[in-house]
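Quick notes on the structure that follows.
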Amino acid sequence: MKLRVSCNLRFQVIEATVLILMLRPFRGIQQWINREVYTIKPAIPMIESTDSFGNSRQRLVAPIGDFLIHTSAEVMVIDRVDVAPGARFIEIQHLPNEVLPYLLPSRYCESDRFGDLAREIISDTLPGYDQVNKINTWVQKTVHYLPGSSDIPVSAVEVHQRGHGVCRDLAQLAIALCRSISIPARLVVGYYYNLQPMDLHAWFEAYIGGKWYTFDPTQNTLRGGRVIIAFGRDAADVSVFHQFGSGCLLNGMDVRVDLLDNSSIIYL
């Protein structure tokens, strides 16, 4: 399917402020970018780079006054999500080196705090995909998904204690539970077609049976139509923007995802 995605950010800058942005769709991972626009007003120099996870990031100094950022892209994505009940657990000694960072505790995914709970959730469950699916279902049923309920990242421990959160929060709790039983898991941020209410979205992937599989504890049905912006260990790695200092206020963010056609795309 072909989607047009866009994000508009409006800032009021009180004093010149450094921003690190992560707004461009990821290259690869079963998505093809046909066209892309990236506009900043006023026009200023910007440094483009790639982080250690392969995400595209932009660095600039926002000038005093109104500052606008517009990004849009036309992207071909798959209209389904692969599922693999019974896919096997891979022992740590057999994991690819690049997957190992997603086994460890991180700033917002304290996996070393969740071993007992995870083992309780997955008791009598086949190791691998079925365990992750059981964790995903448990988070969905236990933690109330409340869009707009949090404007700052909170940790998996905090989410578990308070029992509600935004998409990022539920995904990070599931990630912490997966890592606590030695299943690599990572946070994904991007666009999701037909998300209600529309916003940027977060879900997670787990490495099972030799590949990454998508899970989303905020959705009753696992569907495609996802445009990936970035992967990371947790929200600290995939924030849409980081600002350094307090001289910049976000006055508004508008996100759109439109279906351009309903044709399928096949990757060989």
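The values are calculated or read from the model by the stated rules, or taken from the named source; none is laboratory data. If you're wondering where the values come from, they're calculated on a predicted model, not measured in any experiment. Virtual Cβ from ideal backbone geometry, glycine too; neighbours counted across all protein chains shown.
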Task: Wholly enclosed strands (runs of 3 or more DSSP E) of segment 196-268 bearing at least 2 residues over 17 Å from R168 (Cβ atoms) and of a type in the set (F, W, Y) - done: 211-215
- [ ] Test L103 against the criterion of being surrounded by 12 or more Cβ atoms within 10 Å (Cβ to Cβ), among the hydrophobic types (A, V, I, L, M, F, W, C), farther than 24 Å from R168 by Cβ and assigned by TED's automatic domain parsing to the domain that holds M198, and give yes or no.
- [x] no
Open item on the list: Test of understanding: among G163, G128, which residue is in contact (Cβ under 8 Å) with a residue 12 or more places away in the chain, surrounded by fewer than 20 Cβ atoms within 10 Å (Cβ to Cβ) and of a type in the set (G, A, S)?
Closed with: G163
Task: In segment 23-69, the residues that are farther than 19 Å from C7 by Cα and either outside any loop (DSSP other than H, G, I, E, B) or not assigned by TED's automatic domain parsing to the domain that holds M253 (or both) - done: I47, S49, T50, V61, G65
Task: Only listed residue being assigned by TED's automatic domain parsing to the domain that holds I121, of a type in the set (A, V, I, L, M, F, W, C) and over 15 Å from N133 (Cα atoms), chosen from F204, F215, F244, F231 - done: F231
- [ ] Being surrounded by 13 or more Cβ atoms within 10 Å (Cβ to Cβ), touching a residue at least 24 places away in the same chain (Cβ under 8 Å) and closer than 15 Å to A230 by Cα narrows it down to one of V81, V13, V61, V5, so name that one.
- [x] V5
